[in-house]
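Peer 1: One structure coming up, written as structure tokens, with questions to follow.
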């Protein structure tokens, strides 16, 4: 196996192997190779032997372990105690990014370090885009008064009824008695701040230009944990933890079947 890998790195070509030998090589790289060796093999495949029939298999054998580590690292940085679902979603995003970038076959500057930075940046941004481009963020708009938020894109026939329902729902969510006190205080703080203070513009775009995100996507505001933490006088990591707990409980109580904010 070591001779095969040495031959691959030295000749910058994928060696001629039968199916059994190729399967063994893929298994070894995926399970036993160290990080820098995976990056070196991925670079050879990406730069010099991209059109080989097994090039994508070999590239993914190198990048999938890197994607898993990137997803876990970013999830624990963002959410402190991430759920398995959050880690899985970020991992899926990193894998999709790796497949896309291999198929796109974009040019990379010469040098091993340039390819390493390129590959890790692709995986890193893949974890974020997959999580923050979820469907429930679609169509969210900041408003002056959170009590005026509509839960349907089409207006209700009775605007008075709509206003009453929105106020009651907000009151129930922010004062749900079975929430832990700090979790309930976090939701009440968000309601008191309002969307102008509690939300911020999404920082991650396909083009890297926040202005283009606003024009192309119609805006993707998300909660601003720094503003919430400052208003409450607590660390930002505590805000992330309380929001994570609140999402799980409120989803089960108020939107168990996922129909609360459906467009009719």
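Bear in mind these aren't lab numbers, they're just calculated from the coordinates by the rules spelled out. From a predicted model like this one, the values you see are computed outputs, not experimental measurements. Positions of Cβ are generated from backbone atoms using ideal geometry, with glycine treated the same way; all protein chains shown enter the neighbour counts.
Peer 1: Please rank 164, 95, fewest neighbouring Cβ atoms within 10 Å first, as an exposure proxy.
Peer 2: Values: 164 11, 95 20.
Fewest-to-most Cβ neighbours within 10 Å comes out as 164, 95.
Peer 1: Let me ask you something else. Estimate the FRET efficiency between residue 37 and residue 167 by the formula 1/(1 + (r/R0)^6), using the beta-carbon distance for r and 51 Å for R0, to the nearest 0.05. Show your work: numbers first, answer last.
Peer 2: On the way: r = 60 Å, r/R0 = 1.17.
That gives a FRET efficiency of 0.30.
Peer 1: Another one. Can you pull the one-decimal nm distance between simple spin-label points at residue 248 and residue 185, each 7 Å off the Cα toward Cβ?
Peer 2: Using points 7 Å along Cα→Cβ, the separation is 2.1 nm.
Peer 1: Measuring from label point to label point, each 7 Å out along Cα→Cβ, what is the residue 176 to residue 226 span in nm?
Peer 2: Computed distance between label sites residue 176 and residue 226 equals 2.9 nm.
Peer 1: Now, a different point. On full extension of the chain, what length is gained from residue 1 through residue 23, given 0.36 nm per residue of separation minus the C-alpha to C-alpha distance?
Peer 2: On the way: separation 22, 0.36 × 22 = 7.92 nm, distance 1.13 nm.
Length difference between fully extended and current span is 6.8 nm.
Peer 1: Evaluate E = 1/(1 + (r/R0)^6) for residue 238 and residue 52, where r is the Cβ-Cβ distance and R0 equals 41 Å; express this FRET efficiency to the nearest 0.05. Walk me through the numbers on the way to the answer.
Peer 2: Working: r = 50 Å, r/R0 = 1.22.
E between residue 238 and residue 52, to the nearest 0.05, is 0.25.
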